[in-house]
């Protein structure tokens, strides 16, 4: 099925969902869609996890990242920014040797460097910084064609993060992050997972 302009579709259980939730790896996507994507997330470790995973996803399918999420959590110390900030070159070599994750040395180094920047943020932390870019609520998209890949808010967030030294945080990655952590609710109109207004 082409998802270019598709509205909500019923799953095998009859529940209306965004069409992407029923593609790729259907159970993993469905569970992620139903219980996580678009739900409000706070806390530096939880937001750092999403930031790292979105950065690793660039150029890959989200199904790949979901399948490896447990291994990512293991090698990145539960995404505790303080612990990851202390990782040495030897730790990065250990991570790069783990077949359970996406072994991209540049992204591994970026995750460690980004953790150091998160620790340096101080009061308000990553949570305060990211959520300061949350746009006001918008009308529900009706079809997948109504969901943007980049917005002015994601471009501004990306520019701010890059100015601070963060890596693998382009406007598209930042918009995917904003969707994932509930800064925007891009569940389609009629989707069972859309938050009530």
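Here, each number is a calculation from the coordinates, and none is a lab measurement. Note that the structure is a prediction, hence the values are computed from the model and not measured. Reconstructed Cβ throughout: ideal geometry from the backbone, glycine too, with neighbour counts over all protein chains shown.
Here are a few things to note about the model shown:
- Between the alpha-carbon centres of segment 122-150 and segment 9-52 there is a gap of 16 Å.
- Over segment 70-197, relative contact order from alpha-carbon pairs under 8 Å, at least 6 apart, %: 21
- Shape of segment 145-197, Cα gyration tensor, a/c cut at 1.5: prolate
- Going from the fewest other Cβ atoms within 10 Å to the most, the residues 54, 36 appear in the order 36, 54.
- Annotation: extensible slack from residue 120 through residue 80 equals 13.0 nm (criterion: 0.36 nm per residue apart, minus Cα-Cα distance).
- Between helix 26-35 and the chain: long-axis angle, C-alpha atoms, 0 to 90°, nearest 10: 90
- Gyration tensor (alpha-carbon) shape descriptor, segment 69-149, a/c threshold 1.5: oblate
- Taken over segment 6-62, the alpha-carbon convex hull comes to 93 cubic angstrom per residue.
- By average C-beta atoms within 10 angstrom, highest first, the peptides 86-98, 56-68, 38-50: 38-50, 56-68, 86-98
- Rounded to the nearest 10 degrees, the angle from helix 105-120 to the longest Cα principal axis of the chain is 80 degrees.
- Segment residue 96..residue 15, full-extension length gain: 25.1 nm, with 0.36 nm per residue of separation and the alpha-carbon distance subtracted.
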